[in-house]
Amino acid sequence: MSIFSTLTAEQFETIGQELDAIRNRELADLGEKDEKYIRTVVKRQRQLEVAGRGLLMLGFLPPAWLAGVACLSASKIIDNMEIGHNVMHGQYDWMGDSTLNSKKFDWDNTCTNKNWKLTHNFEHHTYTNVLDMDHDIGYGLLRMSEDQEWEPRFLLNPVLSVLLATFFQHFVAVQNLKLEDYLIYKTKTKEELKEEFKPVWKKMRKQLAKDYLLFPALAGPFAPLVFAGNMSANVVRNLWSCVVIFNGHFPEDVEQFPESVVENETRGQWYVRQMLGSANFEGGRLMHLMSGNLSFQIEHHLFPDLPAHRYARLSPEVRAICEKHGLPYHTGSFIGQSVSTWKRIMKLSLPGKGNKKGNGPLKGLRAKVVSLTSTTEVETRKAA
């Protein structure tokens, strides 16, 4: 039995008040140190990109090519994880800087800003680990819940997991299309799919042209080396991003929930579900930076619109609240969480518990929330 069902209404209320107090305190404290932090990170990311692309132009020298791939990989990881992901959560909207605004930011990724904020900021962060409402549970490709009906295709869970990680930016780009609804469950028409794909393909073309046409062309006779370097950097970014995200959501002790849990859900219950449905992994400052501070996934799910660099400082307070109320605080080493995640992937590839398929409900939900533009708006609605 989940501890979620053992807490009283008074306990949920108390937990909600304690976590709201932390959030309100941090929002009131936003200022110069946060602005300095994100501007420094952006500056370093741009320096790494310039260095990486420059070194790849000298790719006929093996050390230069390797250094170029390393720099460009780091640049893409930081752009996606610490800058793009966090900026599009609205963490820096208060600065009034259009380049760091959640509605306008354009990252080095094939997923559109609008689609990311719908599938991630709203669906995932509102309905975290709720089967049939949080599409991040398996991304429509994998079986990641015992309550999802087993199908023969899930025997390929391990292989599909590697495929998903390798091409992660592209799978995330098409996530909003819910391809399984068209290919497997037949609840979406070809015409609907084609219309939804238009903005996705526009963004994908832009990214593919930049990495695989423009910069290789600028290299002249060394175009193949630049092409290979850009491809390598994209694969490194994709693998790293996928592992970080999986480690924060799929270790074996992380809970998942039925749809009924969100009916008349209170603020305190939402907070508790975020804590039970997330996991941290440990590391130093570089690990936290390169993971976009999603090494503190629990804190991120509690406070998605707070600047992520604050999570390390908030972590002890959140852990203390968990201990006070008898809640687990899921954390472990990076390797440990990775191993636990892969155990779940392997286990769920085989037939087992399950009584329904993961299809359908999100279609109607999307129509209701397409106007949402940031997690800040979601938080405002939930607080109300």
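The values are calculated or read from the model by the stated rules, or taken from the named source; none is laboratory data. Computed from a predicted model, the values in this text were never measured in an experiment. Here Cβ is always computed from backbone atoms with ideal geometry, including for glycine, and neighbour counts include all displayed protein chains. What goes into the accessible areas is simple: the full protein's heavy atoms, side chains included, and nothing from ligands, DNA or RNA. Shrake-Rupley method; radii C 1.70, N 1.55, O 1.52, S 1.80 Å.
Count of the range 279-291 residues, restricted to those that are surrounded by fewer than 24 Cβ atoms within 10 Å (Cβ to Cβ) and either touching a His at 6+ places or on another chain (Cβ under 9 Å) or among the β-branched types (Val, Ile, Thr) (or both), is 2.
Can you tell me which residue is surrounded by the fewest Cβ atoms within 10 Å (Cβ to Cβ) among those in the range 185-203 that are acidic (Asp, Glu) and closer than 21 Å to residue 113 by Cβ?
Restricting to residues being acidic (Asp, Glu) and closer than 21 Å to residue 113 by Cβ, the top hit is 195.
So, in the range 135-151, of the ones that are open to solvent by less than 30 Å² (accessible area, probe 1.4 Å) and in contact with a strand residue (DSSP E or B) (Cβ under 9 Å, 6 or more places away or on another chain), which residue ends up nearest to residue 275 (Cα to Cα)? Among those residues, the one meeting the criterion is 137.
Taking the range 183-220 as the region of interest, how many residues are more than 19 Å from residue 111 (Cα to Cα), in a helix (DSSP H, G or I) and of a type in the set (Phe, Trp, Tyr)? So the count comes out to 1. Of the residues making up the range 301-319, those that are touching a residue at least 40 places away in the same chain (Cβ under 8 Å), open to solvent by less than 10 Å² (accessible area, probe 1.4 Å) and part of a helix (DSSP H, G or I) are 301, 302, 308, 310, 314, 318. In the set 215, 154, 171, only one residue is open to solvent by less than 80 Å² (accessible area, probe 1.4 Å) and touching a strand residue (DSSP E or B) at 6+ places or on another chain (Cβ under 9 Å); that residue is 154. Number of residues in the range 3-37 that are within 25 Å of the chain's Cα centre (by Cα) and over 21 Å from residue 314 (Cβ atoms) equals 1. Here residue 60 fulfils each of the conditions (1) in a helix (DSSP H, G or I); (2) open to solvent by 20 Å² or more (accessible area, probe 1.4 Å); (3) not β-branched (Val, Ile, Thr) apart from (1). Given the structure, is residue 330 open to solvent by less than 40 Å² (accessible area, probe 1.4 Å), assigned to a helix (DSSP H, G or I), modelled with pLDDT of 50 or more and not hydroxyl-bearing (Ser, Thr, Tyr)? Taking the combined requirement at face value, the residue does not satisfy it.
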